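Student: After the structure tokens below, expect a handful of questions from me.
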Amino acid sequence: MTGRKSIWRDAARTPRIASVDARAFFPLIFALFHMRVWTFCLAFVVVVMFRLMETRGYTLPVFLRAVRHWLRGRSVPSRGWWVHRRFFD
């Protein structure tokens, strides 16, 4: 057991294809189902956009959290809307 390499060491790393996050290549799957020149161009632009975001420090999950924060706004109520509406007289 001492001579074996641990396979769990790299389990949490993000998979990469040509130094780009592998999740950024997801639009290429849609381009394969709808084979048109414009869908491949759009998918390529999306991959390049994600690569440029990574060079500035935004990974795909961080970018999605930032978009969610922008859509949600500054204040987040601690209770849901269904709790607030229940206690009206």
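The values are calculated or read from the model by the stated rules, or taken from the named source; none is laboratory data. Bear in mind that the values here come from a model prediction, so they are computed numbers and not experimental data. Note: ideal-geometry Cβ built from the backbone for every residue, glycine included; neighbour counts use all protein chains shown.
Student: Restricting the first residue to region 63-89 and requiring it to be part of a helix (DSSP H, G or I), which pairs with a second residue that is modelled with pLDDT of 75 or more meet a Cβ separation below 6 Å and a spacing of at least six or different chains?
Tutor: Partner pairs satisfying both residue conditions: 63/53.
Student: Just to be sure I understand, how many residues within region 23-54 are of a type outside the set (Phe, Trp, Tyr) and free of Cβ contacts under 8 Å to residues at least 12 places away in the same chain?
Tutor: 13
Student: Please find, within region 27-62, the residue that is nearest to residue 13 (Cα to Cα) out of those that are among the aromatic types (Phe, Trp, Tyr) and surrounded by 15 or more Cβ atoms within 10 Å (Cβ to Cβ).
Tutor: 58
Student: So, residue 74, is that one over 20 Å from the mean Cα position of the chain (by Cα) and at pLDDT below 85 or not? Full working, then the answer.
Tutor: Numbers: over 20 Å from the mean Cα position of the chain (by Cα): yes; at pLDDT below 85: yes.
Judged against the criteria, residue 74 is a match.
Student: Now, a different point. If you go through region 1-51, how many residues are under 14 Å from the mean Cα position of the chain (by Cα), part of a helix (DSSP H, G or I) and of a type outside the set (Val, Ile, Thr)?
Tutor: 9
Student: Please verify whether residue 14 is polar (S, T, N, Q) and surrounded by 14 or more Cβ atoms within 10 Å (Cβ to Cβ), treating the condition exactly as stated.
Tutor: no
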